[in-house]
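Contents: one structure, followed by commentary.
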Amino acid sequence: MQPNMSPAKPRPADNNSHGLYGQDILSVKQFTPPVLDYIFSVSEEMRTLVERFGSADLLQGKIMTNLFYEPSTRTSSSFMAAMQRLGGQVIPINSVQYSSVSKGESLADTVRTLECYADVIVIRHYEAGAAAEAAHWASKPIINAGDGVGEHPTQALLDAYTIQRELGRIDDLTVGMLGDLRFGRTVHSLTRLLLNRNVTFRFISPRLLRMPEEIRDEVTEADGTFTEHEDLEEVIGEVDVLYVTRVQKERFTDLGDYEKVKGAYIISPETLTRARQEMVVMHPLPRVGEITYEVDNDPRAAYFRQMQNGLYIRMALLATVLGRA
Ligand code: NCD
């Protein structure tokens with residue numbers, strides 16, 4: 001893997017895309033508060049557009065490649081739906097085993113091939129840093145749809161957008177993150193996105209799955225507050241957001257370790273009797289038992305609305321990166 005060498009793409013004469021036109025989306029660190037507000041407001045417009053008309057021709061003539069080296073349901077299909085609802089077309093490479101990747105083609109050559117045919121490449125990869133490497137080789141924009149245990153910036157954007165819609169703000173909150181904080185890239189990105197917003201973080205996990213030191217340090221450096229817990233009961237009554245994650249079985253080198261922690265937390269209606277009335281339960285999904293089906297009927301369960309929001313966020317991102325927002 002190449003080191004992270006992703007100079008910004010040459011900037012086309014920008015319109016009002018907050019500097020995102022023609023750029024890669026690799027990390028949430030690119031989303032300062034004004035850029036985030038802008039993406040939220042475009043997402044609201046996309047919501048209205050979909051509700052009223054279903055689709056538009058904003059990205060007519062544009063092509064997106066979905067290049068997925070790891071499994072995905074929501075991220076890949078919402079990116080495809082986003083492109084198609086905006087009138088664009090998609091090259092779906094959702095099973096790289098059927099592409100020349102299985103013949104041993106390098107990431108560099110794969111992205112340089114696909115950018116001959118597409119205007120933007122959405123990539124999911126099992127290695128942290130892979131999206132940055134792809135961006136180094138490509139002259140067209142690369143969007144990181146999850147790079148190993150690294151980041152998942154578009155998920156964090158839709159997560160923050162969901163919090164904004166559900167609670168009316170993303171500042172001054174107490175956010176509990178629960179489960180696999182070590183390997184879960186969604187919580188890495190969301191934590192970074194919520195820095196400098198007066199958020200108090202409660203990191204709840206088995207010891208083996210603690211939030212990585214690098215991210216804990218980033219919270220401290222940003223003068224943020226976090227505490228760590230193994231027992232959810234210590235904080236369930238105070239959180240505004242309970243962000244639940246799946247234990248990422250595929251990231252364990254020792255499956256014995258996975259067996260020790262896999263069922264560590266299960267959120268049930270009983271758990272939520274001790275939670276505030278004004279709070280939300282979120283999950284990037286897929287869930288594999290962390291939240292029981294009975295919780296789905298609780299108005300605080302926001303995970304289905306959260307995944308719906310992913311469509312609008314990804315429509316907004318594609319339109320912005322392609323200069324048509
Ligand atoms: C997440 C991911 O792929 O990181 N899923 C998603 O994109 N919605 C979380 C997970 O796989 O557990």
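What are the residues in the range 142-168 that are outside any helix (DSSP H, G or I) and either open to solvent by 10 Å² or more (accessible area, probe 1.4 Å) or within 12 Å of the ligand (Cβ to nearest atom) (or both), if any?
Here is the first cut: in the range 142-168, the residues outside any helix (DSSP H, G or I) are 142-152, 168.
Answer for the range 142-168, where residues must be outside any helix (DSSP H, G or I) and either open to solvent by 10 Å² or more (accessible area, probe 1.4 Å) or within 12 Å of the ligand (Cβ to nearest atom) (or both): 144, 145, 146, 147, 148, 149, 150, 151, 152, 168.
Give, as residue ranges, the helices (runs of 4 or more DSSP H) completely inside the range 33-139 that count at least 3 residues that are farther than 13 Å from residue 314 by Cα, more than 16 Å from the ligand (Cβ to nearest atom) and free of Cβ contacts under 8 Å to residues at least 60 places away in the same chain. Before you say what the answer is, go through the steps one by one.
Working: elements: 33-53, 74-85, 107-117, 130-137.
In the range 33-139, 33-53, 107-117 are the helices (runs of 4 or more DSSP H) which contain 3 or more residues that are farther than 13 Å from residue 314 by Cα, more than 16 Å from the ligand (Cβ to nearest atom) and free of Cβ contacts under 8 Å to residues at least 60 places away in the same chain.
Among the candidates 279, 315, which residue alone is over 30 Å from residue 17 (Cα atoms) and surrounded by 15 or more Cβ atoms within 10 Å (Cβ to Cβ)?
Values: 315 fails: over 30 Å from residue 17 (Cα atoms).
Answer to the check: 279.
If you go through the range 282-301, how many residues are within 15 Å of the ligand (Cβ to nearest atom), open to solvent by 20 Å² or more (accessible area, probe 1.4 Å) and among the charged types (D, E, K, R)?
Residues in the range 282-301 being within 15 Å of the ligand (Cβ to nearest atom), open to solvent by 20 Å² or more (accessible area, probe 1.4 Å) and among the charged types (D, E, K, R): 1 in total.
Hey, any hits in the range 50-57 for a residue that's touching a helix residue (DSSP H, G or I) at 6+ places or on another chain (Cβ under 8 Å) and closer than 21 Å to residue 284 by Cα? It would help to see each step written out before you state the result.
First, pick out the residues of the range 50-57 that are touching a helix residue (DSSP H, G or I) at 6+ places or on another chain (Cβ under 8 Å): 50, 54-56.
From what's left, closer than 21 Å to residue 284 by Cα: none.
So far as the range 50-57 goes, no, none of its residues is touching a helix residue (DSSP H, G or I) at 6+ places or on another chain (Cβ under 8 Å) and closer than 21 Å to residue 284 by Cα.
Does residue 261 satisfy the criteria of being touching a helix residue (DSSP H, G or I) at 6+ places or on another chain (Cβ under 6 Å), more than 16 Å from the ligand (Cβ to nearest atom) and open to solvent by less than 50 Å² (accessible area, probe 1.4 Å)? Spell out the reasoning first.
Numbers: touching a helix residue (DSSP H, G or I) at 6+ places or on another chain (Cβ under 6 Å): yes; more than 16 Å from the ligand (Cβ to nearest atom): no; open to solvent by less than 50 Å² (accessible area, probe 1.4 Å): yes.
For residue 261, the condition - touching a helix residue (DSSP H, G or I) at 6+ places or on another chain (Cβ under 6 Å), more than 16 Å from the ligand (Cβ to nearest atom) and open to solvent by less than 50 Å² (accessible area, probe 1.4 Å) - is not met.
Any residue in the range 169-187 that is open to solvent by 30 Å² or more (accessible area, probe 1.4 Å), in contact (Cβ under 8 Å) with a residue 12 or more places away in the chain and aliphatic (A, V, I, L, M)?
Taking the range 169-187 and keeping what is open to solvent by 30 Å² or more (accessible area, probe 1.4 Å), we get 169, 171-172, 182.
From what's left, in contact (Cβ under 8 Å) with a residue 12 or more places away in the chain: 171-172, 182.
Subset that is aliphatic (A, V, I, L, M): none.
So far as the range 169-187 goes, no, none of its residues is open to solvent by 30 Å² or more (accessible area, probe 1.4 Å), in contact (Cβ under 8 Å) with a residue 12 or more places away in the chain and aliphatic (A, V, I, L, M).
Going by what's in this entry, would residue 250 be described as loosely packed, with under 15 Cβ neighbours inside 10 Å, more than 16 Å from the ligand (Cβ to nearest atom) and within 26 Å of residue 158 (Cβ to Cβ)?
Working: loosely packed, with under 15 Cβ neighbours inside 10 Å: yes; more than 16 Å from the ligand (Cβ to nearest atom): no; within 26 Å of residue 158 (Cβ to Cβ): yes.
Considered against the rule, which asks whether it is loosely packed, with under 15 Cβ neighbours inside 10 Å, more than 16 Å from the ligand (Cβ to nearest atom) and within 26 Å of residue 158 (Cβ to Cβ), residue 250 comes out as no.
Right, residue 123: more than 23 Å from residue 28 (Cβ to Cβ) and surrounded by 17 or more Cβ atoms within 10 Å (Cβ to Cβ) or not?
Numbers: more than 23 Å from residue 28 (Cβ to Cβ): no; surrounded by 17 or more Cβ atoms within 10 Å (Cβ to Cβ): yes.
Considered against the rule, which asks whether it is more than 23 Å from residue 28 (Cβ to Cβ) and surrounded by 17 or more Cβ atoms within 10 Å (Cβ to Cβ), residue 123 comes out as no.
Checking the condition of a type in the set (Lys, Arg) and surrounded by fewer than 13 Cβ atoms within 10 Å (Cβ to Cβ), which residue from 216, 207 passes?
On the way: 216 fails: surrounded by fewer than 13 Cβ atoms within 10 Å (Cβ to Cβ).
Of the residues listed, the single one that is of a type in the set (Lys, Arg) and surrounded by fewer than 13 Cβ atoms within 10 Å (Cβ to Cβ) is 207.
Cβ contacts < 6 Å: first residue farther than 16 Å from residue 178 by Cβ, restricted to the range 210-222; second residue open to solvent by 40 Å² or more (accessible area, probe 1.4 Å), any location; separation 6+ or different chain. Result?
219/226; 222/196
Answer yes if at least one residue in the range 302-321 is small (Gly, Ala, Ser), more than 16 Å from the ligand (Cβ to nearest atom) and at pLDDT 95 or above, and no otherwise. Can you show your working first?
Within the range 302-321, the subset small (Gly, Ala, Ser) is 302, 310, 316, 319.
Now narrow it down to the ones that are more than 16 Å from the ligand (Cβ to nearest atom): 316, 319.
Okay, now just the ones that are also at pLDDT 95 or above, so 316, 319.
Yes, the range 302-321 contains a residue that is small (Gly, Ala, Ser), more than 16 Å from the ligand (Cβ to nearest atom) and at pLDDT 95 or above.
The values are calculated or read from the model by the stated rules, or taken from the named source; none is laboratory data. Computed from a predicted model, the values in this text were never measured in an experiment. We place every Cβ from the backbone using ideal geometry, glycine too, and count neighbours over all the protein chains shown. SASA here: full protein model, heavy atoms, side chains in, ligands and nucleic acids out. Shrake-Rupley method; radii C 1.70, N 1.55, O 1.52, S 1.80 Å.
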